[in-house]
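Take a look at the structure set out below.
The values are calculated or read from the model by the stated rules, or taken from the named source; none is laboratory data. Bear in mind that the values here come from a model prediction, so they are computed numbers and not experimental data. Positions of Cβ are generated from backbone atoms using ideal geometry, with glycine treated the same way; all protein chains shown enter the neighbour counts. Just the protein is used for accessible areas: all its heavy atoms, side chains included, with ligands, DNA and RNA removed. Shrake-Rupley method; radii C 1.70, N 1.55, O 1.52, S 1.80 Å.
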Amino acid sequence: MEERHIEFRADDFQLVQQNVRITDKKLDTKPTTFLKDAFRRFCKNKSSVAGAIILSILIVLTILVPWLSPYNIENVHSPERFLAPKLFKAGTGFWDGTRKKEHIVYDAVNEVPALSDKYSVASVKQSLVSLSVDPEPELIDTANQYGTGGLIVLATDAMVANKDVYMTSKPLSFTDKGAYTLDIVLGDEEGVSDSRLGEYCVYLKAGDRPEDRIMVRDFSRDYSPISFDISKALKDKGMSSFNGQVVFEVRSTTDAFRYILIESVKLSGGERAKNKEVLEEVSFDDATVMINNADKNSQGYWSCSGRKGIHNSEIFYCNYVIDTYMLVYGDADLVTYSATELYSWIDKGWCTYDYTVGPESFVRLTDECPIDSVESQTVLKVTKKLSSVTARGWNYRKMGYDKMPSFLLGTDASGFDLFKRAFAGLRTSLILGVCTAAFCFLFGLVWGAISGYFGGNVDLFMERFCEILGGVPWIVVMTLCILHLGNNIFTFFLALCLTGWMGTAHRTRTQFYRFKGREYVLASRTLGANDTRLIFKHILPNSMGTIITASVFMITSVIFNEATLAYLNLGLQGVQSFGVMMATNQQYLGIYPNLVIFPAIVLALMEISFNLFGNGLRDAINPSLKGSD
């Protein structure tokens, strides 16, 4: 190979920066700390910021709502049960404190829906926002107090050779000069209650002997109307009077149950009849009304040895929208108050009243006074002192409110404000969750750090202990603690902490095994760093992202565990908790879904916000991402 030689001269080279001063370049960015950098990276994660904001709002509400809300959630108040959520004025159609009901029995007499007896007709009428009644009635085969018409079903009680009778409970008196008549209308419909029409007879019975009877219609399948002149029958038998019962008798057979249908029975007398009122009481032209009003202590009660029922009773149904707040807190019916109560209100300056003048002297001075007007008064005859007054007023004043309440989320089965109870319960559950998570985080961090850093026999012993303790089912640990220490918040905290720290310990141990062999740890050890510095300065900061994220999720896990125990009837006692509230309200999900839906939304928001916040926190405190976007 040919060799080549290159010669360099001095003028071939020139120093570029010979006359330029070289110094360190000034940094364009400001110096920052680890926390500032972590906060900057956290703020760039929009979902995590949204989660933090929602979480902050929920925490603020758990602090302020139980403190600022004036409504009582300690003592059960039955009249305020199941009020609808209210934010707007009644009648707006949305979130207005009204409830819509469909296919509800209609009280045609009072022209209102058939609600509970605890509400007066006047209260129901003033609370109705809208009412629509079905144009045609429905036919039912059950006795209903709001039904009309139909036929009485008198049926045999067994398929044996016996008889079943339906008769007036007490004897009736008839004379040959009273112009007494008996009119009966029957039905002839086959197949009622899967039975068959049978033979029957009708007679007047004075005793058990055949001669003690006056036959109206002998056993027959003739279901045509009956019109019988009792007085004429007495004359034909040569009897001036008769004292007996009206009897329907159905003949039993062995092949099927038998029945007859009775639409009406009318007993009447002429001008010379002496017991017209009794006859009217015994008579009936409305089978449903007769069945509903049957009273064994009245003359009009008909006794039955077989089976008695109703067929084709007419009942109307309706759809309505009712203001639940006006129903409970609206204008009350007349209420009697003692003079002591009235004088106590006068002493407080709520009203004035002079009983020597009368009800017109009443003057209401403040909104705190429970009554609006006095209708009447009672004065003792001997002492001439006021005994009581009968007054009218709004119910909410009687309940101690200055104005009609408005519950944002409605009330539950105990009459508690659901909005206040939800956040009061959430506060208890959050306190329990935060305290449990803090203890489990600190203890699990120390345990896992020692186990993961030192390894060897130390790690072996500590891991075997965790496996033994973790083999005991958590629900067993909780149940034993409750049985021996009582059902209180400290017991829950103790039971949750007994095994709750092991998850953090396992994660910490894994992270220490991951980082303790890294080059920067070996370099620090070579330079003389002790174990404490290696753990807290080099290994632990790099492990905190994953550990803290899991610890944040532990808070929601505690809330769910507490709710699970509440469903198993092992919930907290004596304090408001989210789990106990959810467990109590779940039975009303089909009727009042707001009692479960609104707390479930709060719980879902809490879970989602903790999840987003934990994910953002994990990325923010990861040292490997320092300085990155």
Practice task
Quick one, could you list the DSSP H helices from the chain stretching 30 Å or more along their long axis (Cα atoms) with average Kyte-Doolittle hydropathy of -1.0 or above?
Solution key: 46-68, 418-454, 489-515, 540-567, 594-620
Completion exercise
Heavy-atom accessible area per residue of region 353-437, all protein chains kept, 1.4 Å probe, expressed in Å², is 45
Completion exercise
Heavy-atom accessible area with a 1.4 angstrom probe orders 205, 384, most exposed first, as 384, 205
Problem - Full-extension gain in nm, residue 4 to residue 399, via 0.36 nm per residue minus C-alpha separation - result: 130.7 nm
Fill in the blank from the handout: For residue 102, the accessible surface traced by a 1.4 Å probe with all protein chains present amounts, in square angstrom to the nearest 10, to 120
Practice task
Kindly identify region 215-324 as rounded, prolate or oblate by the Cα gyration tensor criterion: order the square roots of the eigenvalues as a ≥ b ≥ c, call it rounded if a/c is under 1.5, otherwise compare a/b with b/c, prolate if a/b is larger, else oblate.
Solution key: oblate
Handout entry: Tail beyond 18 Å, pair distance distribution of region 256-410 (Cα, percent)
Key = 73
Exercise for the section: Go from 0 up to the bin containing the longest alpha carbon distance in region 164-255, width 10 Å each, and give me the % of pairs per bin. Expected result: 15, 46, 28, 10, 1
Exercise for the section: Kindly give the semi-axes, whole Å and largest first, of the ellipsoid equivalent to region 1-155, taking each as the square root of 5 times a Cα gyration tensor eigenvalue. Expected result: 90, 25, 15
Fill in the blank from the handout: Cα-based Rg and Dmax for region 288-376, in Å, come out at 23.9, 66
Completion exercise
Neighbours of residue 213 by Cβ distance under 11 Å: Lys/Arg at +1, Asp/Glu at -1, summed charge -2
Fill in the blank from the handout: In order over region 263-275: 3J(HN,Hα) from phi, Karplus 6.51/-1.76/1.60, θ = phi - 60°, whole Hz, x for each Gly or Pro, gives 8, 7, 9, 10, 10, 9, x, x, 5, 8, 6, 9, 10
Practice task
May I have the pair-distance distribution P(r) for region 145-203, computed from all Cα-Cα distances with 5 Å bins from 0 and rounded to whole percent?
Solution key: 3, 10, 20, 20, 19, 14, 9, 5, 1
Fill in the blank from the handout: Stokes-Einstein D for region 273-322 (20 °C, 1.002 mPa s, Kirkwood Rh from Cα pairs), in µm²/s, comes to 160
Fill in the blank from the handout: For region 100-110, in residue order, the Karplus 3J(HN,Hα) values (coefficients 6.51, -1.76, 1.60; θ = phi - 60°; whole Hz; Gly and Pro = x) are 9, 10, 10, 6, 10, 4, 9, 8, 5, 5, 8
Exercise for the section: Would you pull out the residues with amide H under 5 Å of residue 393's amide H, same chain only if 5 or more places away, H placed 1.01 Å from N? Expected result: 332, 372
Exercise for the section: Round to the nearest 10 and report in Å² the accessible area of residue 344, as given by a 1.4 Å probe over the protein chains' heavy atoms. Expected result: 40
Completion exercise
Descending packing, highest mean Cβ count within 10 Å first, for 544-557, 54-67 is 544-557, 54-67
Fill in the blank from the handout: Ranking 258, 99, 221, 21 from most to least accessible area with a 1.4 Å probe gives 21, 221, 99, 258
Handout entry: Peptide ranges 506-519, 358-371 listed from the most packed, as the mean C-beta count within 10 angstrom indicates
Key = 506-519, 358-371
Handout entry: Accessible heavy-atom area order of 203, 567, 106, 401, highest first, probe of 1.4 Å
Key = 567, 401, 106, 203
Handout entry: the chain - Kirkwood radius from inverse mean 1/r over Cα pairs (Å)
Key = 34.1
Problem - Fraction of accessible area attributable to carbon and sulfur, the chain (%, probe 1.4 Å) - result: 56
Problem - Estimated translational D of region 70-177 in µm²/s (Stokes, Kirkwood radius over Cα pairs; 4 °C; 1.567 mPa s) - result: 66
Completion exercise
Contour minus Cα-Cα span, residue 199 to residue 219, at 0.36 nm per residue, comes to 6.6 nm
Exercise for the section: Keeping all protein chains in position, work out how much accessible area residue 352 exposes to a 1.4 Å probe, and write it in Å² to the nearest 10. Expected result: 60
Problem - Cα centroid of region 526-600 to Cα centroid of region 355-401, whole Å - result: 55
